[in-house]
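A.B. asks: Just dropping this structure here.
The values are calculated or read from the model by the stated rules, or taken from the named source; none is laboratory data. Quantities reported herein were computed from a predicted structural model and do not represent experimental measurements. Note that each Cβ is placed from the backbone with ideal geometry, even for glycine, and that neighbours are counted across all protein chains shown.
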């Protein structure tokens, strides 16, 4: 394959994000299956050790751009650069993590290159020179295998669906390229970033404790927060609680919120409407706590507890404190 496999690597403060570590691991397997080189794309400002880390995580080559216009990951700066490089070098496959930035960039590049995009893949396989991607359809009720016939094959990967790339000890020197767009041609500006005060990121979390209408109000999330703190988990919520103003939108899991795939998902007072299931169906172990024994969430749960969450959740918290401390 002439252009090989490219993987877009998100980075901040010199560190590679978890979703891009997953993309590197998946892309390495694809490149090996195709007998093609794997090239990492590392763009930003003050890259630090990100380019070197890409080699260590399995990239055969790295194309890097370090420019103030690329700070903050603005799509209007990243998109033209990836498109320009792809037009010049003709990669066969471009793989990105399905973060907000990855989704937007895949759409931009696909539109400008008139290329097909496969979104939210949860598994990849190689058949000849074609990459087949497995993804959910009908809000995750079914899985289908799909592929793009012509190059470049652009694929985004659902977070936590793939193992992160392991360190190899490999090193190398990146090829440095220039930014594609001048600052005065970029209509948006990044003024800064606001931290989340030590909260566990919902998208990256390995464990999530989530609350639904059954928590009864804003104060109903307090026992869930205590359980999440003991487990080192993120706090999630259903759309109903967000719409009611009980908790901020950035906690929402579901079709109109975040799609998550933790190792453990504890659903408290969540009925399990199909829209919520669409956001957490890929969780490895689901524990449901609900008063209604017929709640749809129990169909997804490996463990179900029928009862009052305000009695059950504190009891779980107390037991986990004993076992984890």
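A.B. asks: Having 2 or more residues that are surrounded by fewer than 19 Cβ atoms within 10 Å (Cβ to Cβ) is the bar; report the strands (runs of 3 or more DSSP E) wholly within segment 99-182 that clear it. Don't jump to the end; show me each part of the working.
C.D. replies: Values: elements: 117-127, 130-137, 142-146, 153-157.
The qualifying strands (runs of 3 or more DSSP E) are 117-127, 130-137, 142-146.
A.B. asks: Something else: Answer with yes or no whether residue 86 is surrounded by fewer than 17 Cβ atoms within 10 Å (Cβ to Cβ), in a helix (DSSP H, G or I) and in the same structural domain as residue 154 (by TED's automatic domain parsing).
C.D. replies: Values: surrounded by fewer than 17 Cβ atoms within 10 Å (Cβ to Cβ): no; in a helix (DSSP H, G or I): yes; in the same structural domain as residue 154 (by TED's automatic domain parsing): yes.
The answer is no for residue 86.
A.B. asks: Touching a residue at least 40 places away in the same chain (Cβ under 8 Å), outside any helix (DSSP H, G or I), within 15 Å of residue 155 (Cβ to Cβ) and under 19 Å from the mean Cα position of the chain (by Cα): is that true of residue 41 in this structure? Spell out how you get there, then give the answer.
C.D. replies: Working: touching a residue at least 40 places away in the same chain (Cβ under 8 Å): yes; outside any helix (DSSP H, G or I): yes; within 15 Å of residue 155 (Cβ to Cβ): yes; under 19 Å from the mean Cα position of the chain (by Cα): yes.
So residue 41 fits the description; yes.
A.B. asks: Select from segment 18-35 the residues that are surrounded by fewer than 20 Cβ atoms within 10 Å (Cβ to Cβ) and either part of a helix (DSSP H, G or I) or in contact (Cβ under 8 Å) with a residue 40 or more places away in the chain (or both) and list them in ascending order. Don't jump to the end; show me each part of the working.
C.D. replies: Step one: list which residues in segment 18-35 are surrounded by fewer than 20 Cβ atoms within 10 Å (Cβ to Cβ), which gives 18, 25, 29, 32-35.
18, 25, 29, 32, 33, 34 - these are the residues of segment 18-35 that are surrounded by fewer than 20 Cβ atoms within 10 Å (Cβ to Cβ) and either part of a helix (DSSP H, G or I) or in contact (Cβ under 8 Å) with a residue 40 or more places away in the chain (or both).
A.B. asks: Something else now. Please indicate, with yes or no, whether at least one residue in segment 73-82 is part of a helix (DSSP H, G or I) and at pLDDT below 95. Steps first, please.
C.D. replies: Kept after step one, since they are part of a helix (DSSP H, G or I), are these residues of segment 73-82: 73, 75-82.
With the extra rule that they be at pLDDT below 95, the set shrinks to 73.
There is at least one residue in segment 73-82 that is part of a helix (DSSP H, G or I) and at pLDDT below 95.
A.B. asks: Additional query: On the given criteria, is residue 127 modelled with pLDDT of 95 or more, more than 19 Å from the chain's Cα centre (by Cα) and over 23 Å from residue 45 (Cβ atoms)? Don't jump to the end; show me each part of the working.
C.D. replies: On the way: modelled with pLDDT of 95 or more: no; more than 19 Å from the chain's Cα centre (by Cα): yes; over 23 Å from residue 45 (Cβ atoms): yes.
The answer is no for residue 127.
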